[in-house]
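Q: Structure provided below as structure tokens; questions to follow.
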């Protein structure tokens with residue numbers, strides 16, 4: 001980032017620097033929400049100047065009307081060497097009835113993933129922490145999900161949206177993958193899956 005830029009001009013450069021694609025689903029357009037997301041996306045640039053693009057989807061699912069709207073926020077950041085994905089499921093966070101809370105939490109997760117990525121790029125991650133490797137044990141292409149079997153014999157759910165680079169269509173049972181794990185609503189799930197050799 002160019003530190004020579006004076007005062008308020010710096011934030012304008014940041015806005016231009018990260019191409020932002022914003023989608024609001026099942027909800028009316030809102031300039032206030034869009035401005036809030038743009039401001040938060042701009043702040044991510046403070047953690048890394050290597051973000052090539054940022055896609056944000058905010059969704060108010062119809063099926064949760066009886067519980068009140070719970071907002072689902074997904075953030076995909078493209079960085080050199082891959083994608084960083086934050087997928088905040090509304091059912092795990094009752095506070096996500098407030099769209100601003102859901103957005104804040106998702107961008108908090110994005111900031112942490114970005115900080116981890118920067119540490120890895122700088123070689124600050126300990127060498128004895130390799131990216132976990134697993135094998136696709138079961139695959140349901142028509143339904144868009146499958147399961148991984150880890151080296152220690154556990155089974156982990158993954159959704160096609162978690163597979164980087166459109167690799168879901170090339171997957172087969174027995175395919176080797178790298179993955180990142182997170183706690184899901186029904187147990188462990190893979191937040192990011194990448195085919196080995198892709």
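Q: Given the Cα-Cα distance of residue 53 and residue 169 and 0.36 nm per residue of separation, how much length would full extension add, in nm?
A: Extra length from residue 53 to residue 169 when fully extended: 39.4 nm.
Q: Compute for the stretch 97-198: radius of gyration divided by Kirkwood radius, i.e. Rg/Rh, restricted to C-alpha atoms, rounded to two decimals.
A: Rounded to two decimals, Rg over Rh is 1.00.
Q: Could you give the length gained on full extension between residue 25 and residue 152, defined as 0.36 nm per residue of separation minus the Cα-Cα distance, in nm?
A: On the way: separation 127, 0.36 × 127 = 45.72 nm, distance 3.89 nm.
Between residue 25 and residue 152, full extension yields an extra 41.8 nm.
Q: If I model a spin label as a point 7 Å beyond the Cα along the Cα-Cβ vector, how far apart are those points for residue 46 and residue 137 in nm?
A: 4.3 nm
Q: In Å and from the alpha-carbon atoms only, list the Rg and Dmax of the stretch 159-198.
A: Rg then Dmax for the stretch 159-198, in Å: 10.2, 30.
Q: Within a 10 angstrom radius of the beta carbon, how do 23, 192 rank from fewest other beta carbons to most?
A: By the 10 Å Cβ count, ascending, the order reads 23, 192.
Q: Given a Förster distance of 35 angstrom, what is the FRET efficiency for residue 36 paired with residue 180, based on the Cβ-Cβ distance and rounded to 0.05?
A: The pair residue 36/residue 180 has a calculated efficiency of 0.80.
Q: Hey, fewest Cβ within 10 Å first, where do 164, 70 land in order?
A: 164, 70
No value in this document is a laboratory result; all are computed from the given coordinates. Computed from a predicted model, the values in this text were never measured in an experiment. Using ideal geometry, Cβ is built from the backbone for each residue, glycine included, and neighbour counts are taken over all protein chains shown.
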